[in-house]
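One structure below.
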Amino acid sequence: MEDDNYPHQGEIYLIRALKTIGDTKKRPAVVVSINVRNQLSSSVLVVPLTSDLTSGETPTRILIEAGEGGLLTDSLALCDNISAIRQVYLEQGPYGAISPQSRQLIQQGLKLRSLSFNSLFYWER
């Protein structure tokens, strides 16, 4: 029998404030690392969410509508702020899981973020 007691890709958790990216409060985040990693590692990769929509949707900031994954308000998935965190920092949840369509959009946002970083790195040499 498999142990299913680990965070799954696409699930939303409330996470501790990530001081490394300037957070001062707990916030929801979506787990983006693959399930086998989540099961075997003490950390997970997450994309934080914000209900501050003033910056608007961009290719790396994906709108997740209220109700999806248990979110109470429309939120932006901040793909440009992907973080590795210890699983003990997943303080509450999972509240639910985002749709396959939203997972695909976040995956595309993460790819764009990675391409952007690689391009900057190349030109900075």
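The values are calculated or read from the model by the stated rules, or taken from the named source; none is laboratory data. From a predicted model like this one, the values you see are computed outputs, not experimental measurements. All Cβ positions, even for glycine, are placed from backbone atoms using ideal geometry, and neighbour counts span all protein chains on display.
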Original post:
Which of the residues spanning region 17-35 are surrounded by 12 or more Cβ atoms within 10 Å (Cβ to Cβ), of a type outside the set (A, V, I, L, M) and in contact (Cβ under 8 Å) with a residue 60 or more places away in the chain?
Top reply: LYS26, PRO28
Subject >> Failed item, numbered, when LEU14 is tested on (1) in contact (Cβ under 8 Å) with a residue 40 or more places away in the chain; (2) more than 13 Å from LEU90 (Cβ to Cβ); (3) in contact with a Phe, Trp or Tyr (Cβ under 8 Å, 6 or more places away or on another chain) >> reply: (2)
Original post:
In this structure, does TYR6 turn out to be surrounded by 12 or more Cβ atoms within 10 Å (Cβ to Cβ), at pLDDT 95 or above and under 13 Å from GLU91 (Cβ atoms)?
Top reply: no
**OP:** Return only the number of the condition from (1) of a type in the set (Gly, Ala, Ser); (2) within 23 Å of SER43 (Cα to Cα); (3) at pLDDT below 95 that GLY96 does not satisfy.
**Re:** (3)
Subject >> Inter-residue pairs, beta-carbon under 7 Å, first among the small types (Gly, Ala, Ser) and in region 36-60, second modelled with pLDDT under 95 and surrounded by 15 or more Cβ atoms within 10 Å (Cβ to Cβ), 6+ apart >> reply: SER43/ILE85
